[in-house]
Amino acid sequence: MVLVEVRWHGRGGQGIVTVSRILAQAALLDGKYAQSFPEFGPERRGAPVTGYTRISDEPILIHSQIYNPNIVVVVDPTLIGKVDVIRGLSPKGLVVAHASRGPDELKKILGVSDVSVYTVDAMKIALEVLGRPIYNTAMLGALLKAYPLVTMDSLVKVIRERFPGAVGEKNVAAIKRAYEEAIGVE
Amino acid sequence: MVIFMAKVMGLTGNEAIAYAVKQCNVDVVAAYPITPQTVMVEVISEYIYNGEMDAEFICVESEHSAMSACIGASLAGARVFTGTASQGLALMHEMLYIASGLRCPIVMGVANRALSAPLNIHGDHSDMMGSRDCGWIQIYAENVQEAYDWTIQAFKIAEDPRVLLPVSVNIDGFILSHCVENVFVLEDDVVARFLPPRKPLITIDPTNPITVGAMCLPDYYFEVKFQQFQTLNESLKVIREVTKEYESLSGRKYDVLEAYAMEDAEAAILCIGSTAGTAKEVAKGLRREGKKVGVVKLWVYRPFPQEDLIKALGDVKALAVLDRAFSFGAPFNALCSDVISTLYKYRKDIRVFNCVYGLGGRDITPMEIRGIFEETLEIADTGRLKEYVRFIGVRE
């Protein structure tokens, strides 16, 4: 893995910065180099926001923004059709989306061919496992299913450190279930 | 050489500076929050509140007061830190000169940000460049690791009895202040050994009153400022000593500047801050294509490392100097002016042009940097300069 760039789409308040950072921290535990940064500027609850993660086996020198991500993760399902979530996505890229519809259907909606699409119903998982509509961490499980960017062990370790106690365990369960339930098409 | 094993943490630039400040056993922090620096002092205040750091946090009503409080505490013998950005640094301007004039070894983290108007919270170097002649040692970090490392080294440099000058550690606002990166941190006791408690030469003390900052008329003022001028220039030697000692415990090599792929470079980019990383990445790619390009990154901007720069430039024929701030009305912008002044003394043959970029947080892309390298290579080849000052990515 030379350098993988991830763009996260969500809305202010959905924990986009948090998941991007958790992913970076997990990469660190795997012995890799990582960067995680928000869309720079004021935070606006409810407005579409993006977050970014870079992961590499080598030290990351670059400090420009990400224009051609390898992976796009759509945390908020209502953004599809409103925000150009595939903007700049590199050829043979990957979309991991929170959606109640299947990956075939989403692929058609997005109008992409040379891209893998994975979907998971993260809201359903969050409500059943966490009992609350907080589905950002579940998307990490779906992402790992689609592409083993970090190890599950490291991810679980970071989650437990970040959310000690029962909350952490529930998030781990949500991640593992999203990993099981995410389905994709190449 | 003993390299102490360190643990790796994922920290933003702001958090890394705060973590370093905690390890440096700072006594007093007086600060006012301002984007994009806020988190830096927020984390420090949390450390103090949690009892992880035994320091006095002075909440002040403005940055002018923040620096005033820092000066008072520093004169009383405390190890002092503050953080600011942009308008906050501008509001401190008057006190910056007093801090250096009174020889207060204060360390300040600056998350560099544009100046109003128009209002903009994003990164550029207008704030620190506006105070570049304030007598402080000014260091720019390329990444979060460097922000951490330089903060620790900054206290050692500032408090050295041969220096006794304040130091600013600059990180690009948002680009570094809000970016999480791998940071190898030292153990607390390693930092404590590197940086023992401050030993002030003279302190203000209510039981033994002295006058500090007394009026100095034409018969002495010039000599006082001349000493300050000489001390700042001579601090380069101390800075280098400190980096050598720091290398022996961290394994990370610092100096007053970094020369990347400069050995046989014919064309080079010179810059400060996070853009140097992107430039190195682009240079790496161009080197694979056989293009003889390199990057010079100044860690220390004040005092300006003239002789080191000349050495680093080697046999370079053309040089692009990147400025992330305007010097309104000047022939060249700040960094380029300093480079050209240095070359005037030592190397008049190098063709130099100035690229202004990234104002108000405008991103500079690898493609744009590649373009600058290609133009610099062409100038190296033909010897012909097209424009002295260029503006990267601006819509005219």
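The values are calculated or read from the model by the stated rules, or taken from the named source; none is laboratory data. All values reported here derive from a predicted model rather than from experimental measurement. In this analysis, Cβ positions are derived from the backbone assuming ideal geometry, glycine residues included, and neighbour counts consider all displayed protein chains.
Brief remarks follow.
Yes or no, residue by residue, for (1) modelled with pLDDT of 95 or more; (2) assigned to a loop (DSSP other than H, G, I, E, B); (3) not small (G, A, S):
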| position | (1), (2), (3) |
| --- | --- |
| B:D149 | yes, no, yes |
| B:P161 | yes, yes, yes |
| B:L165 | yes, yes, yes |
| B:I175 | yes, yes, yes |
| B:N182 | yes, no, yes |
| B:R198 | yes, yes, yes |
| B:T211 | no, yes, yes |
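- Of all residues in region B:134-147 being assigned to a loop (DSSP other than H, G, I, E, B) and either within 14 Å of chain A (Cβ to nearest Cβ) or free of Cβ contacts under 8 Å to residues at least 12 places away in the same chain (or both), the one that is nearest to the chain's Cα centre (by Cα): B:A141
- Residue within region B:50-70 that is of a type in the set (S, T, N, Q) and in contact (Cβ under 8 Å) with a residue 40 or more places away in the chain present: no
- Criterion (out of contact with any Ser or Thr (no Cβ under 8 Å at 6 or more places or on another chain), among the β-branched types (V, I, T) and buried (at least 22 other Cβ atoms within 10 Å of the Cβ)) met by exactly one of B:V293, B:V282: B:V282
- Selection over region A:110-141 of residues that are of a type in the set (A, V, I, L, M) and within 17 Å of the chain's Cα centre (by Cα) gives a count of 11.
- Filter result (crowded, with 22+ Cβ neighbours inside 10 Å and either within 26 Å of B:G213 (Cβ to Cβ) or of a type in the set (D, E, K, R) (or both)) within region B:79-92: B:R79, B:V80, B:F81, B:T82, B:G83, B:T84, B:G88, B:L89, B:M92
- Pairs linking a residue in region B:242-268 that is on the phi > 0 side of the Ramachandran plot to a residue that is assigned to a helix (DSSP H, G or I), with Cβ atoms under 6 Å and 6 or more positions apart or on different chains, are B:A261/B:A283; B:A261/B:R287.
- Selection of first residues in region A:42-55 that are over 23 Å from A:I71 (Cβ atoms) and surrounded by 11 or more Cβ atoms within 10 Å (Cβ to Cβ) and of second residues that are of a type in the set (D, E, K, R) and modelled with pLDDT of 90 or more, restricted to Cβ pairs under 9 Å at least 6 apart or on distinct chains, gives the following pairs, ordered by first then second residue: A:R44/A:R11.
- When restricted to residues that are outside any helix (DSSP H, G or I) and crowded, with 17+ Cβ neighbours inside 10 Å, region A:164-186 contains 2.
- Enumeration of residues in region A:55-110 that are within 14 Å of chain B (Cβ to nearest Cβ), of a type in the set (A, V, I, L, M, F, W, C) and assigned to a loop (DSSP other than H, G, I, E, B): A:I60, A:L61, A:I62, A:I66
- Residues within region B:101-128 that are assigned to a helix (DSSP H, G or I) and buried (at least 23 other Cβ atoms within 10 Å of the Cβ), tallied: 3
- Test: residue in region B:316-338 that is more than 14 Å from chain A (Cβ to nearest Cβ), polar (S, T, N, Q), touching a strand residue (DSSP E or B) at 6+ places or on another chain (Cβ under 6 Å) and in contact (Cβ under 8 Å) with a residue 40 or more places away in the chain: yes
- Considering the conditions (1) on the phi < 0 side of the Ramachandran plot; (2) more than 9 Å from chain B (Cβ to nearest Cβ); (3) touching a residue at least 60 places away in the same chain (Cβ under 8 Å), A:A27 is excluded by exactly one of them, (2).
- Scan of region B:7-35 for residues that are out of contact with any Leu (no Cβ under 9 Å at 6 or more places or on another chain) and assigned to a loop (DSSP other than H, G, I, E, B), ordered by number: B:V26, B:D27, B:P33, B:T35
- Within region A:30-54, the set of residues being in contact with a Cys (Cβ under 8 Å, 6 or more places away or on another chain) and more than 13 Å from every other protein chain (Cβ to nearest Cβ) is empty.
- The one condition in (1) touching a residue at least 40 places away in the same chain (Cβ under 8 Å); (2) in contact with a helix residue (DSSP H, G or I) (Cβ under 8 Å, 6 or more places away or on another chain) that A:S100 fails to fulfil: (1)
- Members of region A:144-163 that are closer than 13 Å to A:K32 by Cβ and outside any helix (DSSP H, G or I): A:P148, A:L149, A:V150, A:T151
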